[in-house]
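Participant: Can you read through this structure? Questions will come right after.
Coordinate-derived values only; no laboratory data. Predicted model only: the values in this text are computed from it and were never measured. Every residue, glycine as well, gets a Cβ built from its backbone with ideal geometry; the counts of neighbours run over all protein chains shown.
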Ligand code: DX5
Ligand code: ZN
């Protein structure tokens, strides 16, 4: 049995954009819990992807939560646009916002769940004074900008530190903050990532790379393999 406290969030960055609606439907039918939506601006990161128009286009296609990962600078103007386009969760990188507390509040005021994203070299102390405005945190296990990179092993220790912070916060307040991991996640390493403390798993190339002509059910296979690995943690 899969542990219901784990979420798998395929990253649309690795989907076939020529058939995006069908990709969304298929990956959700294969057991995806969330859809991870990577927004890159060729400024905060050296790549350019998709914006609110594409979010709006996929919104009617699925009930699954859309998890918008903003790799943009500045951040604030895009928050209401994505909220209007149907985002459920919006995360951003604290270095990319002049006023982190204000941006978190802006996300919640627009009716979405709010989160901070930590690059491999970004310290967790950005959390110190804003925990009450956070619904989830996401650790990058690659440097942001591209799919298909290798998981950076140091992230396991950082996950442990993040887990300890969030558990201490939950003991104090009774409120649970989710801990998401993004980059290089696949069936072969998801169990150790979960054991280190993550509860929500972004996977782009591992999921969308799994469907080929010889395996039309590749998404089912790879998501099931991830759940099997998680069930053994
Ligand atoms: C990287 C993105 C990730 C990416 C993950 O900047 O934030 O969400 O799509 O892709 P994989 O799973 O291939 O590392
Ligand atoms: Zn991402």
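Participant: Hey, does region 1-18 have a residue that's in a loop (DSSP other than H, G, I, E, B), over 25 Å from residue 222 (Cα atoms) and within 16 Å of ligand 2 (Cβ to nearest atom)?
Facilitator: no
Participant: I would also like to ask the following. Among the residues of region 167-193, what is the count of those that are surrounded by fewer than 21 Cβ atoms within 10 Å (Cβ to Cβ) and assigned to a helix (DSSP H, G or I)?
Facilitator: 9
Participant: Go through (1) closer than 30 Å to residue 228 by Cα; (2) touching a residue at least 40 places away in the same chain (Cβ under 8 Å); (3) within 15 Å of ligand 2 (Cβ to nearest atom) for residue 65 and report which single condition fails.
Facilitator: Only one criterion in (1) closer than 30 Å to residue 228 by Cα; (2) touching a residue at least 40 places away in the same chain (Cβ under 8 Å); (3) within 15 Å of ligand 2 (Cβ to nearest atom) is unmet by residue 65, namely (2).
Participant: Another question about this same structure. Can you pull out the residues in region 27-60 that are more than 15 Å from ligand 1 (Cβ to nearest atom), assigned to a helix (DSSP H, G or I) and either at positive phi or surrounded by fewer than 21 Cβ atoms within 10 Å (Cβ to Cβ) (or both)?
Facilitator: Residues satisfying the conditions are 28, 29, 52, 53, 56, 57, 59, 60.
Participant: Moving on to the next point. Looking at region 95-107, can you tell me whether even one residue there is assigned to a loop (DSSP other than H, G, I, E, B) and within 15 Å of ligand 1 (Cβ to nearest atom)? Break it down stepwise before answering.
Facilitator: Let us first name the residues in region 95-107 that are assigned to a loop (DSSP other than H, G, I, E, B), namely 97-99.
Within this subset, residues satisfying the condition of being within 15 Å of ligand 1 (Cβ to nearest atom) are none.
Checked region 95-107: no residue is assigned to a loop (DSSP other than H, G, I, E, B) and within 15 Å of ligand 1 (Cβ to nearest atom).
Participant: How many residues, within region 194-214, are assigned to a helix (DSSP H, G or I), within 15 Å of ligand 1 (Cβ to nearest atom) and in contact (Cβ under 8 Å) with a residue 40 or more places away in the chain?
Facilitator: 3
Participant: Output the residues belonging to region 211-229 that are crowded, with 23+ Cβ neighbours inside 10 Å and touching a helix residue (DSSP H, G or I) at 6+ places or on another chain (Cβ under 6 Å).
Facilitator: Within region 211-229, 222, 226 qualify.
Participant: Here's a follow-up. Within region 130-166, which residues are surrounded by 18 or more Cβ atoms within 10 Å (Cβ to Cβ), touching a strand residue (DSSP E or B) at 6+ places or on another chain (Cβ under 8 Å) and closer than 19 Å to residue 196 by Cβ?
Facilitator: 136, 137, 138, 139, 140, 141, 142, 155, 158, 159, 162, 166
Participant: Which one is farthest from residue 108 (Cα to Cα), of the residues in region 124-134 that are in a loop (DSSP other than H, G, I, E, B) and touching a helix residue (DSSP H, G or I) at 6+ places or on another chain (Cβ under 8 Å)?
Facilitator: Residue satisfying both the conditions and the ranking: 129.
Participant: Also, quick follow-up: Hey, among the residues in region 146-182 that are touching a residue at least 60 places away in the same chain (Cβ under 8 Å) and out of contact with any helix residue (DSSP H, G or I) (no Cβ under 7 Å at 6 or more places or on another chain), which one's farthest from residue 126 (Cα to Cα)?
Facilitator: 146
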